[in-house]
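In what follows, a structure is listed as structure tokens, so that the remarks can point back to it.
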Amino acid sequence: CCRRTSAPPRSRPPAAASMAGVGGAGASGGDADGGCDATKGCGCDECGRKAVMLQGLTLAASVLAAAGAPEPPLVAELKSDLDRHDRRADLGRSATGEGALEAFLRSSEHRPWLAYDPDALLPSPFDAFLLGGGCPSVPWESEHGAPAAGEDLDISVCFVVGCGRSGTTILGELLSRHPDVVFLNEPRHLWISELPAFDVWSTLSPDRAGRLTFSASEASADLAAVVGRAWRRLAGAAASRQSSASAPGTDTRRFVVLEKFPEHAFRVPFLAKLCESALGPGKCRFIHLLRDGVAVARSIARFENPAAWYGTKGETKWRCLSELFDAECPALPDCKTPCAALQGRFARGLAEWTLSTTAARRGAEEAGLEIEGTDAAYLELSYEALVASPGDKITQVVSFLGLPPSDEVQHAAVETLRPPRDEAPLKEGELKALAKLGTWRGPLVESLLREVSGRELPSSS
């Protein structure tokens with residue numbers, strides 16, 4: 001549906017492309033010295049399974065050795081895999097937040113039109129973060145007591161939310177071509193360092209009590225001060241390298257921090273309050289990108305690294321999703337099976353898409369966000385409509401952000417986006433997954449698919 005000449009999609013964070021599945025044997029070795037326990041690995045679920053296998057093989061190998069037989073080759077392979085993961089985890093644990101701003105001001109390798117790197121606050125190497133959990137704070141204070149960068153800007157924030165695999169990355173990249181936008185791609189260094197429970201992916205996520213939902217009452221003044229300072233520093237740094245699209249003679253330059261983070265769909269009231277406290281009223285907007293749920297679920301099912309998606313230890317993100325799904329769709333009288341029992345990736349994808357959609361909508365209502373008029377703060381955008389009429393839709397989005405039109409943004413949208421091929425009908429296994437969800441939890445998934453995707457579906461009864 002699009003000709004991508006920019007950054008890799010969400011499934012391939014920078015510096016993680018060499019990772020052949022976190023928890024597998026594909027992570028490359030690090031430079032950490034000592035402290036590696038070749039029988040335990042990094043603590044991820046895959047290392048746990050391999051450690052158990054190694055323990056059994058080691059016992060068998062001792063018996064074979066007594067009989068003069070060589071050690072099974074698999075023993076050395078497992079030890080190497082576990083040691084390699086432990087070294088990658090050490091690399092993640094030793095990460096520091098120093099230099100993050102300098103990294104932000106480096107040109108983007110994947111987005112040559114930008115003079116900064118939107119991925120700078122996405123932990124790198126990403127596999128080292130997943131295995132070790134390192135996500136240290138960034139020193140946002142101005143150096144040597146100088147005024148904070150960005151203080152002379154009229155800054156607002158727009159969060160791009162929606163279920164992962166819905167097109168949030170490409171939308172963020174298109175809008176990043178506007179000279180009055182600074183694009184942040186899932187800035188985990190900003191959030192996890194201040195609220196460790198934001199982490200639902202790494203091996204430390206169980207210890208951090210990782211979760212998806214945060215209430216407005218958790219948007220403390222101290223947190224707002226830190227996050228607001230970060231937004232201003234980043235906006236000021238980017239603005240210093242970009243010419244403005246504002247009318248000449250304008251005293252204060254308007255600038256939009258565009259933060260793309262799909263999981264923010266579960267935190268709309270929290271983010272709205274935090275943003276108001278940090279920047280003032282009327283400074284927070286949300287773009288909720290909605291894509292056909294079947295297409296999203298299929299894309300999630302094809303995701304090359306499920307551990308990176310659902311969590312490397314205890315599947316923290318999936319545990320959170322399943323608990324939310326059970327609460328959203330209580331089991332029908334004849335069903336005692338929890339949602340956590342779902343193993344099929346397509347069914348999990350449907351559950352996640354359903355939860356993300358309902359959470360964003362309910363959150364916007366709870367936060368009292370306007371959806372119409374000049375004060376609109378919540379825009380629901382169909383991905384299918386965007387790729388069908390890219391010029392018109394992207395112009396609508398730019399206007400929603402309160403920014404002047406941009407020929408570059410519109411041109412990029414028209415040249416990049418293409419209508420997707422018609423989605424194939426639901427396959428037998430997909431129909432069974434949909435029917436099972438309906439049998440377990442009622443018609444919510446099917447009703448959303450009918451509304452959002454316009455799909456005519458067989459009854460789950």
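The values are calculated or read from the model by the stated rules, or taken from the named source; none is laboratory data. Worth saying up front: this structure is predicted, and the values here are computed from it rather than measured. All Cβ positions, glycine included, derive from the backbone under ideal geometry; neighbour counts span all protein chains shown. Heads up: the accessible areas ignore ligands, DNA and RNA and are worked out on the full protein's heavy atoms, side chains in. Shrake-Rupley method; radii C 1.70, N 1.55, O 1.52, S 1.80 Å.
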Mind counting the residues in the stretch 283-306 that are in a helix (DSSP H, G or I), within 15 Å of the chain's Cα centre (by Cα) and either hydroxyl-bearing (Ser, Thr, Tyr) or crowded, with 21+ Cβ neighbours inside 10 Å (or both)? 3
Among the residues that make up the stretch 153-165, is at least one of them in contact (Cβ under 8 Å) with a residue 40 or more places away in the chain, open to solvent by 10 Å² or more (accessible area, probe 1.4 Å) and on the phi > 0 side of the Ramachandran plot? yes
Residue hits (the stretch 371-392; touching a strand residue (DSSP E or B) at 6+ places or on another chain (Cβ under 7 Å) and under 13 Å from residue 287 (Cα atoms)) are 371, 377, 378, 379, 380, 381, 382, 383, 386
Within the stretch 342-367, considering residues that are open to solvent by 50 Å² or more (accessible area, probe 1.4 Å) and closer than 25 Å to residue 308 by Cβ, the one modelled with the lowest pLDDT: 343
If residue 370 satisfies all but one of (1) more than 23 Å from the chain's Cα centre (by Cα); (2) closer than 16 Å to residue 158 by Cα; (3) open to solvent by less than 80 Å² (accessible area, probe 1.4 Å), what's the number of the condition it fails? (3)
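Please indicate, with yes or no, whether at least one residue in the stretch 434-455 is outside any loop (DSSP other than H, G, I, E, B), in contact with a strand residue (DSSP E or B) (Cβ under 7 Å, 6 or more places away or on another chain) and within 22 Å of residue 299 (Cβ to Cβ). Before you say what the answer is, go through the steps one by one.
Within the stretch 434-455, the first condition is being outside any loop (DSSP other than H, G, I, E, B), and the residues that meet it are 434-441, 444-453.
Now narrow it down to the ones that are in contact with a strand residue (DSSP E or B) (Cβ under 7 Å, 6 or more places away or on another chain): 452.
Filter once more, keeping what is within 22 Å of residue 299 (Cβ to Cβ): 452.
Checked the stretch 434-455: at least one residue is outside any loop (DSSP other than H, G, I, E, B), in contact with a strand residue (DSSP E or B) (Cβ under 7 Å, 6 or more places away or on another chain) and within 22 Å of residue 299 (Cβ to Cβ).
Hey, can you tell me all the residues within the stretch 122-140 that are among the hydrophobic types (A, V, I, L, M, F, W, C) and either closer than 17 Å to residue 84 by Cβ or not in a loop (DSSP other than H, G, I, E, B) (or both)? Lay out the reasoning, then the answer.
So the first thing to find is which residues in the stretch 122-140 are among the hydrophobic types (A, V, I, L, M, F, W, C), and the list is 122, 126, 128-131, 135, 138, 140.
Of everything in the stretch 122-140, those that are among the hydrophobic types (A, V, I, L, M, F, W, C) and either closer than 17 Å to residue 84 by Cβ or not in a loop (DSSP other than H, G, I, E, B) (or both) turn out to be 126, 128, 129, 130, 131.
Conditions tested, residue by residue: (1) open to solvent by 20 Å² or more (accessible area, probe 1.4 Å); (2) touching a residue at least 40 places away in the same chain (Cβ under 8 Å).
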site: 393; (1), (2): yes, no
site: 404; (1), (2): yes, yes
site: 409; (1), (2): no, yes
site: 429; (1), (2): yes, yes
site: 437; (1), (2): no, yes
site: 451; (1), (2): yes, no
Need pairs with beta-carbon distance below 8 Å; first residue on the phi < 0 side of the Ramachandran plot and in contact (Cβ under 8 Å) with a residue 12 or more places away in the chain and within the stretch 257-283, second among the basic types (Lys, Arg) and not in a helix (DSSP H, G or I); sequence gap 6+ or separate chains. 262/10; 275/283
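Quick grid of which residues meet (1) touching a Phe, Trp or Tyr at 6+ places or on another chain (Cβ under 9 Å); (2) of a type in the set (S, T, N, Q); (3) modelled with pLDDT of 95 or more:
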site: 233; (1), (2), (3): yes, no, no
site: 251; (1), (2), (3): no, no, no
site: 263; (1), (2), (3): yes, no, yes
site: 275; (1), (2), (3): yes, no, yes
Just to verify a result, which residue in the stretch 44-74, among those that are more than 30 Å from residue 317 (Cβ to Cβ) and among the β-branched types (Val, Ile, Thr), is most open to solvent (accessible area, probe 1.4 Å)? 63
Filtered residues of the stretch 438-461 (kept if at pLDDT 90 or above and either within 27 Å of the chain's Cα centre (by Cα) or of a type in the set (Lys, Arg) (or both)): 444, 445, 446, 447, 448, 449, 450, 451, 452
Could you check the stretch 75-119 and list, in sequence order, the residues that are within 20 Å of residue 196 (Cβ to Cβ), in contact with an Asp or Glu (Cβ under 9 Å, 6 or more places away or on another chain) and open to solvent by less than 30 Å² (accessible area, probe 1.4 Å)? 92
